[in-house]
Each structure stands twice: as C-alpha cells, then as structure tokens.
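S.K.: First, the structure itself, so that you have it in front of you.
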Amino acid sequence: MITGDHKDTAVAIAKNLKIITNSDEAITGKEIENLSDDELIETVKKCSVYARVQPEHKTKIVKILKKLGFITAMTGDGVNDSPSIKAADVGISMGITGTDVTKGVSDIVLADDNFATIVTAIEEGRKIYDNVRKLLQFQLSTNMAEVITIFTASLFGVTMLAPAHLLWINMITDSAPGLSLGVEKAEGDIMKRRPRASNESVFSNGAGFDMMWQGIVMAILVVISFFIGQHVELGHFGIFESADGMSMAFLTMNFIEMFHAVCMRSQRGSVFKLKNINWWMLWAFIGTTITTLGVIYIPFFVKIFGFTSISIKELAIAFSLAFLIVPIIEIVKFFERKMEKIKQ
C-alpha cells in the first residue's frame, strides 16, 4: 500500500486487510528521504505500507521492486500517480474517478473502478495467451507435417499431396478448427498457475519440442497411409504413383489435423477431462469432415483434384490412422504432467 494518507490511518487499514501485522512494516515518505539507495532497497524488502509519500517516492519504490525481480502492477487515479503507473510493468487506473493523464499512461483502465475487476482481467489475459499458444502450436505442427510429407514424397519421386491439395488443407482444414481454438474457454486451473516470466517465449516449457515431434508423427502417419493405399490399388508395396495412395494421404492429413486441433484444446491437460464443450470446434469438425469427404466422392471435385473414390475400407484405414494422433498425444501429455510434478 502506497498512500498519501497519515501513517496511523494507513497502518489501521493495512492491518484490517492483512497486508501487515504490525506498524514496523510501515514507513513514511519523510523517512524514505533520509535513506540511502542501499538502505531503501533493504527497507522495501521488509516494508509493505508507505504513508505520506510524494509522487517521486512512489516511482522509486516501484523501480526498486522491479530491480528486486518482482512484476509490479500499480493502481491509481490522480495525476500524481501517473509517473509510478507508467514505471510499473502493468499500470492500472480508475475509469470513473481517474484523470485523463492517468488513464493515458495506463495499460488497464477499470471501467467500474472495482479492484475485483483486476482479477477478471488477469484471467481473461491468461486465457487469451493460452489460446494464442494453442493456435500457434496447432498451425506450426500441422504445417511441419505438410512440409515433411512433401519432402518425403520428393525423395521417393512420387506425389502424395499436390499443390491444390495443400491449398485446400490450408484454406479449409487449417482455418476452421484453428480459429475455433481462439475462442476456447479458460481451463479450470488457469488462476492457480504460477505467474510466467515477462520474457518467456511462446515456445518455452516444452511447447517448441511438442510442435516438432507432433509434426513428425503426423507426417509419418500420412506417409504410411499413402503406401497402404498404394498397396490396395496395386497389390504390392513400391515407389509408384498411386491415385488411391494420394486420396488416402489427403484424407489422413485432413482428419489428423482435425483430431490434432481437438487435442490442442489443452496443452498439458487431458482433452477427455475438459468439462466444457467448444461448440465452434464441434461445428468446424463436422463441416470440415463433410466438405473433405465431398472432395473425395463428388465426381466434379474428384476430377479437379485428381483423386479416386476410395472404398469404405480405405476410408476407415485413413480415419483410423488419423485418430492415432489422439492417444499418442494424450500419452505424451500424461508423462509431461508427471515430469512437471517432479520438477515442482
């Protein structure tokens, strides 16, 4: 608590709010002026209430807290609060009683002047950050799967996915399920997590590694699907062009990306334990499935994309191979959760 009020008033309120337990944890602005920089640093470590302070004292306290490694959020409403609000990592001003100057330098403006709204803002911010990471992981890992598949096909000298197929996947299959991740609801433990470091990368905590291995596994399943389709069409395995293999590879890539999007609803938690339903993703899944099957079985699209209308058996194999990504990701998540508990 940093206030311009009398020390006795500040101490009484701080004790009532359980910010401090005794008056030794409070200091006045006049006392601060008599301290050297090193002495002030030691004082800030043990004091939690600052009374009768001037604007420059507030700014100094905020800067020392940041120097000590704390992430600081400063609230205020008056012009004299604006320097310290600007100096903090997160500046918060009152939307009703706050001055225009204070609101102008703030990161967050409380429209209702209610401190409880800060908690809601933190939860919303964490949810948005989570969803951005989920979307990035989904897009980058699926794109990596496409790149690896095309690279493998080039090595073998066959066509597993043509440019038009990739365009369809990126425009339809990547878009709808991916966008639905952006409106995913907050996970149950989101406010129980420890704060993340301000310089933390979106690829930290194993996210970058997850993108890589998921992309590789998806590519392997698509390549397997191609060769199974080739065997069904030609009766043996080999390095040959295959309409059935290409059709199966296309279906597997589409289905695997949709299943992957479902798994990405939680980066670490089991998707089977999520208590809410993402209706946007459900409709995206249904819509993408219908349009993808249409490309394979509607003669007009079959001719344009160079597919062949594969049998129900081949369709079931492609679907099953794609579904394998779900148990694989869930098993890895299980061990990742165990490792996190060990670290904690």
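The values are calculated or read from the model by the stated rules, or taken from the named source; none is laboratory data. This one's a predicted model, so the numbers in the text were calculated from it and none came from an experiment. Here the Cβ is made from the backbone with ideal geometry for all residues, glycine too, and neighbour counts use every protein chain on show.
Here's the yes/no breakdown for (1) exposed (fewer than 12 other Cβ atoms within 10 Å of the Cβ); (2) touching a Leu at 6+ places or on another chain (Cβ under 7 Å):
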| site | (1), (2) |
| --- | --- |
| 10 | no, no |
| 15 | no, no |
| 21 | yes, no |
| 25 | no, no |
| 28 | no, no |
| 40 | no, no |
| 43 | no, yes |
| 48 | no, no |
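S.K.: Name the one entry in 227, 259, 209 that is part of a helix (DSSP H, G or I), under 21 Å from the mean Cα position of the chain (by Cα) and over 26 Å from residue 171 (Cβ atoms).
M.R.: 209
S.K.: So which strands (runs of 3 or more DSSP E) stay within region 1-93 end to end and still have 2 or more residues that are of a type in the set (Gly, Ala, Ser)?
M.R.: Because the criterion is at least 2 residues that are of a type in the set (Gly, Ala, Ser), the strands (runs of 3 or more DSSP E) in region 1-93 that meet it are 73-76.
S.K.: For region 262-288, enumerate the residues that are part of a loop (DSSP other than H, G, I, E, B) and of a type in the set (D, E, K, R).
M.R.: 265, 268, 275
S.K.: Pick out the one residue from 326, 271 that is in the same structural domain as residue 218 (by TED's automatic domain parsing), surrounded by 13 or more Cβ atoms within 10 Å (Cβ to Cβ) and closer than 17 Å to residue 254 by Cα.
M.R.: Result: 326 is the single residue among 326, 271 that is in the same structural domain as residue 218 (by TED's automatic domain parsing), surrounded by 13 or more Cβ atoms within 10 Å (Cβ to Cβ) and closer than 17 Å to residue 254 by Cα.
S.K.: I would also like to ask the following. Give me a count of the residues in region 123-149 that are surrounded by fewer than 18 Cβ atoms within 10 Å (Cβ to Cβ) and more than 17 Å from residue 212 (Cβ to Cβ).
M.R.: Residues that pass the stated criteria total 8.
S.K.: What single numbered condition from (1) within 21 Å of residue 72 (Cα to Cα); (2) surrounded by fewer than 16 Cβ atoms within 10 Å (Cβ to Cβ) fails to hold for residue 189?
M.R.: Looking at each condition in turn, residue 189 falls short on (1).
S.K.: Something else now. State whether the residues of region 307-317 include one that is among the small types (Gly, Ala, Ser), at positive phi, touching a Ser or Thr at 6+ places or on another chain (Cβ under 9 Å) and at pLDDT below 90.
M.R.: No, there is no match, as no residue in region 307-317 is among the small types (Gly, Ala, Ser), at positive phi, touching a Ser or Thr at 6+ places or on another chain (Cβ under 9 Å) and at pLDDT below 90.
S.K.: Among (1) under 26 Å from the mean Cα position of the chain (by Cα); (2) in a strand (DSSP E or B), where does residue 136 come up short?
M.R.: Here residue 136 clears every test but (2).
S.K.: In addition: Of the residues that make up region 159-176, is at least one surrounded by 18 or more Cβ atoms within 10 Å (Cβ to Cβ) and more than 21 Å from residue 252 (Cβ to Cβ)?
M.R.: no
S.K.: Hey, among 256, 290, which residue is of a type in the set (Val, Ile, Thr) and closer than 23 Å to residue 148 by Cα?
M.R.: 256
S.K.: Working only within region 192-203, note down all residues that are closer than 17 Å to residue 125 by Cβ and surrounded by 12 or more Cβ atoms within 10 Å (Cβ to Cβ).
M.R.: Hits for region 192-203 are 196, 202.
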